[in-house]
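What follows is a single structure, written as C-alpha cells, with notes after it.
The values are calculated or read from the model by the stated rules, or taken from the named source; none is laboratory data. It should be emphasised that the depicted structure is a prediction, and the values quoted were computed from it without experimental measurement. Every residue, glycine as well, gets a Cβ built from its backbone with ideal geometry; the counts of neighbours run over all protein chains shown.
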C-alpha cells in the first residue's frame, strides 16, 4: 500500500510517498477538512471588508496615528503574504501612511525570524516597504496590568504604542490551549518572558485538568489568554483555518472574541481525525505543518497505540531544524528554559524520528532524547519497522499530526 504525505510547507510544499507491506493492516487517518478548497483572493477580501462585530478596518483607521500588524511565526501555516496586502489597502484607505504602519512577529518564546523567513511569511514587497520587527521577550515590554489569575502582563512596546492594533493568525488544535488563534497572538505571542512563564506554569497548575489537545470550552489557559487580549486591546483580528496542504480554507475577520469563537467552531470539525486510530501497534505521525515542532506529533502517535505501547514514527522534514524555544528548550548539557524538560518519552514507546536534516539537538523536546532511534529516509525507516512488526500488525498513518486532534 502506498500513501502520499505532504512535506516541507515553507519550501516546495512537496510530497513524500511511503509504502507498506501488504501483510500489515494500514489505516489512513486524515483530518476531516483535509480536502477543503482553498479560498480565492476575492473571498478573502470579502471576509475582511465585511467584518464580524466591528466597523470596517478602513473606518477604524480614520484619525489614527500609528498602526501595528501582529503576525505569527514560521511554526504556524498562516499565509500572511496573502492577507497582509488586503489589510494594508484598508489601512492606507483609512488615511494612514506607509511610515505609520509597522509589523511585529508574535514569537512568544520562539527564536527570532531571519529576513529570509520574513520574506516567506510576508512576501518580499512588504519587507521592502515596511519595518518588520521580531518580538523580544526580554526587553522593550511595557506593563499593561495584572490578570485575575496573577499574571503581571508586560507586552511589546511597539504593539502598545500603536493606537490601532491588528492581528493575523491561524487556528489549529493545540496541545495546551485546546485550539490556537484568538488572543494567543498576545499571550504568549508578544508578551514578556515573566508573563509567559507565569501563564504557562502557575496558571496552568490552577486547573491543569481543563487543558490539553482539543480541550477548549473550559480551558483555564484560554480564559487567561482572553483576559490578556482584552487588556491589550486588539482592535481587529484575522484568524484562518487551513487544509491538508496549509492553504487558507476559511477566514474570519473582525472583533477578536467573535472571530475566534467562529473560527474554533469550524476548526473543531475540520481538524478532527477521521477515522480515529485506536489500538495500533505502530503509528506514523507526519509533522508537516509544524515540522519544526515535531514533538507535538509524538503525542498523537502515543494516544493511538494499544495500551500506550508500541512504535511511533515521526516524520520531521525540517531543513531549518527544530524551533528555538526559550521556555521549553535545552540550553546546556543538563539545563534549559524555565519549563525544561516538559516531557519524557515513556519506556513503553519506541520513538523513531525520520529526519532528513537531523541535528543532535532535535530530540531536546524530551528529557531523554538518547532513547530515540533516528533515520533519514523511508526505506531505512521501513526496514526498521519490518524488523519488529509481524504480519497482521495494525499501523495507523496520521498525515498532519501537528495540526490534527482526536475528538473522541
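Table for the structure above
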| item | result |
| --- | --- |
| Residue 70 crowded, with 16+ Cβ neighbours inside 10 Å, modelled with pLDDT of 95 or more, in contact with a strand residue (DSSP E or B) (Cβ under 6 Å, 6 or more places away or on another chain) and not in a loop (DSSP other than H, G, I, E, B) | yes |
| Single match in 99, 117 (criterion: surrounded by fewer than 15 Cβ atoms within 10 Å (Cβ to Cβ), part of a helix (DSSP H, G or I) and either without any contact (Cβ under 8 Å) to a residue 24 or more places away in the chain or out of contact with any strand residue (DSSP E or B) (no Cβ under 7 Å at 6 or more places or on another chain) (or both)) | 99 |
| Unique match (being under 25 Å from residue 245 (Cα atoms), at pLDDT 95 or above and part of a loop (DSSP other than H, G, I, E, B)) among 54, 78 | 78 |
| Some residue of region 255-271 being over 21 Å from the mean Cα position of the chain (by Cα), surrounded by fewer than 24 Cβ atoms within 10 Å (Cβ to Cβ), not assigned by TED's automatic domain parsing to the domain that holds residue 49 and not in a helix (DSSP H, G or I) | no |
| Residue among 344, 297, 304, 316 that alone is within 30 Å of residue 279 (Cα to Cα) and exposed (fewer than 15 other Cβ atoms within 10 Å of the Cβ) | 344 |
| So residue 169, is it assigned to a helix (DSSP H, G or I), touching a residue at least 60 places away in the same chain (Cβ under 8 Å) and in contact with a helix residue (DSSP H, G or I) (Cβ under 7 Å, 6 or more places away or on another chain) | no |
| Number of positions in region 214-238 that are touching a residue at least 40 places away in the same chain (Cβ under 8 Å) and either part of a loop (DSSP other than H, G, I, E, B) or on the phi > 0 side of the Ramachandran plot (or both) | 6 |
